[in-house]
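What follows is one structure encoded as structure tokens, with my remarks underneath.
The values are calculated or read from the model by the stated rules, or taken from the named source; none is laboratory data. Remember, it's a predicted structure, so these values are computed and weren't measured experimentally. Reconstructed Cβ throughout: ideal geometry from the backbone, glycine too, with neighbour counts over all protein chains shown. For the accessible areas, the whole protein counts, side chains as well, though only heavy atoms, and no ligand, DNA or RNA atoms are used. Shrake-Rupley method; radii C 1.70, N 1.55, O 1.52, S 1.80 Å.
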Amino acid sequence: MKSAGKQTVLLGITGSIAAYKACELVRLYQNAGLNVKVIMTKHAQRLVGAATFRALTGNAVATRLFDDPGNPINHISLAQEADVLVIAPCTANVLNKIAHGVADDLLSTTALATTVPSVLAPAMNAAMLKNPVTQESLRVLEVAGATIVGPGKGYLACGTEDSGRMSSPEEICAATLRVLAQSKSLAGKRVLITAGPTREYLDPVRYISSPSSGKTGFALAHEAAQRGAAVVLISGPTKLLSPLGIEYVPVTTAEQMLEKASEHFDGADIAIFSAAVGDFRPVRRAEQKLKKGEDSSFTFDFSANPDILATLAARRNAARANRPYIVGFAAETEHLLQNAEAKRRAKGADLIIANDVSDPRVGFASDNNRILFVDDAGSEQTELMSKQQLAAIIFDHIQQKL
Ligand code: CTP
């Protein structure tokens, strides 16, 4: 159970030479008014003694899965007591393990069992950091919602100056405080998100769709859930796993997406339409697989799909209700600002998030994006960053408007 009053940081310390810096980190957390509980891996204890952290924190230091005789499921209670899990330093071994769900000691088991936000401060040799396996793990963890702090460049224990040095305790503490401040900021709010492509079948085996991966919508759903919102994610077909702790509603066609979004729209405080909805659907779907036959060409008649955002925004405007706050996206290849503002007005959105899909670094299915916020106060451009980082910035922006 969580204790009332002070928030608790569960600090995992792993076997990097930077482990001694965790002592300073504990002090910074305490100065910020936080309670600190420490888990140490076997290797971390060879570098700094558990007694040091027991003395610094005033709490028992957990070191093994089965070392608390009164509590055989220590990893679950530790995971539930915490408000945030921080692993600093986080070695390549622990990083790669937790990215793949390996749970073979107290810290990795706790990391797998926890549902609270996590902050990871990697510390490792530069070659280990650059290894594609580690890079993939960093990406997986970030997509899963972890906040990765650093690592920076500097003097490494192996004697070189390179990337892999753990960020300073001050930076890690600041990131932790940011995560904690955000973590309850949408408590009590309901967030509706549409995501992914829609799919319109021509016959039982062929369809038209778009290459949308759904990554942006899923990252937004994850971010909203981490901030304490009740999230409904309505998504067309993607290869992504539905984030934990949200209501996931899979759909296929634009009409199904409208029907489900319509059910959840009125109760929402924020509605974000990030789906790449197909604008057209075949007038008639063939019951049986179409055969090539003699003809060298096929002709299909298409009719327009409903515009989900515009349909639901019109319902809000007609009802003159204040909520939900409506966010749309605009994928453009030219005149970004003008097209986005025109879309905002035409569709009745409060905010349009525009991106230039002609830029090869961003656009459909990429991991990064760079966006332009367009609302009644004007416009604001972000840097190029990961979709998870953008999700955080998008909610920071929206929450200022609520
Ligand atoms: N949208 C929607 N339903 C549709 C089409 C779009 O809800 N049938 C939403 C998208 O989720 C997005 C916004 O409208 O939030 C703009 O989508 P976009 O594809 O950029 O624009 P379109 O309306 O399709 O216009 P165009 O293709 O002409 O640029």
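Here are the numbers for the structure shown:
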item	result
Residues of region 262-307 classified as of a type in the set (Gly, Ala, Ser) and either part of a loop (DSSP other than H, G, I, E, B) or away from the ligand (no atom under 16 Å from the Cβ) (or both), total	9
Residue within region 109-128 that is free of Cβ contacts under 8 Å to residues at least 40 places away in the same chain, touching a Leu at 6+ places or on another chain (Cβ under 7 Å), farther than 24 Å from GLY217 by Cα and not assigned by TED's automatic domain parsing to the domain that holds LYS387 present	yes
Total residues in region 9-61, condition farther than 13 Å from CYS90 by Cα, touching a Lys or Arg at 6+ places or on another chain (Cβ under 7 Å), open to solvent by less than 60 Å² (accessible area, probe 1.4 Å) and not in a helix (DSSP H, G or I)	6
Flag if ALA271 is open to solvent by 10 Å² or more (accessible area, probe 1.4 Å) and closer than 30 Å to VAL84 by Cβ	no
From the options LEU233, LEU241, LEU220, residue that is assigned to a strand (DSSP E or B) and away from the ligand (no atom under 11 Å from the Cβ)	LEU233
Filter result for the condition that a residue is surrounded by 23 or more Cβ atoms within 10 Å (Cβ to Cβ) and of a type in the set (A, V, I, L, M), over LEU180, LEU156, LEU186	LEU186
Every residue from region 314-335 that is in a helix (DSSP H, G or I) and either modelled with pLDDT of 95 or more or basic (Lys, Arg) (or both)	ARG315, ARG316
Within region 350-387, considering residues that are surrounded by 18 or more Cβ atoms within 10 Å (Cβ to Cβ), touching a Lys or Arg at 6+ places or on another chain (Cβ under 7 Å) and farther than 28 Å from ASN317 by Cα, the one modelled with the highest pLDDT	ASN369
Single unsatisfied condition, PHE329 versus (1) surrounded by fewer than 18 Cβ atoms within 10 Å (Cβ to Cβ); (2) within 14 Å of the ligand (Cβ to nearest atom); (3) of a type outside the set (A, V, I, L, M)	(1)
Long-range neighbours under 6 Å by Cβ, at least six apart or interchain, first residue free of Cβ contacts under 8 Å to residues at least 40 places away in the same chain within region 344-373, second among the charged types (D, E, K, R) and in a loop (DSSP other than H, G, I, E, B)	VAL362/ARG370
Any hit, region 248-260, residues being away from the ligand (no atom under 15 Å from the Cβ), open to solvent by less than 50 Å² (accessible area, probe 1.4 Å), in contact (Cβ under 8 Å) with a residue 40 or more places away in the chain and not in a strand (DSSP E or B)	no
Filtered residue count, region 190-216, keeping only those that are modelled with pLDDT under 95 and crowded, with 22+ Cβ neighbours inside 10 Å	4
Residue in region 332-347 that is of a type in the set (A, V, I, L, M) and either open to solvent by less than 30 Å² (accessible area, probe 1.4 Å) or closer than 22 Å to SER235 by Cβ (or both) present	yes
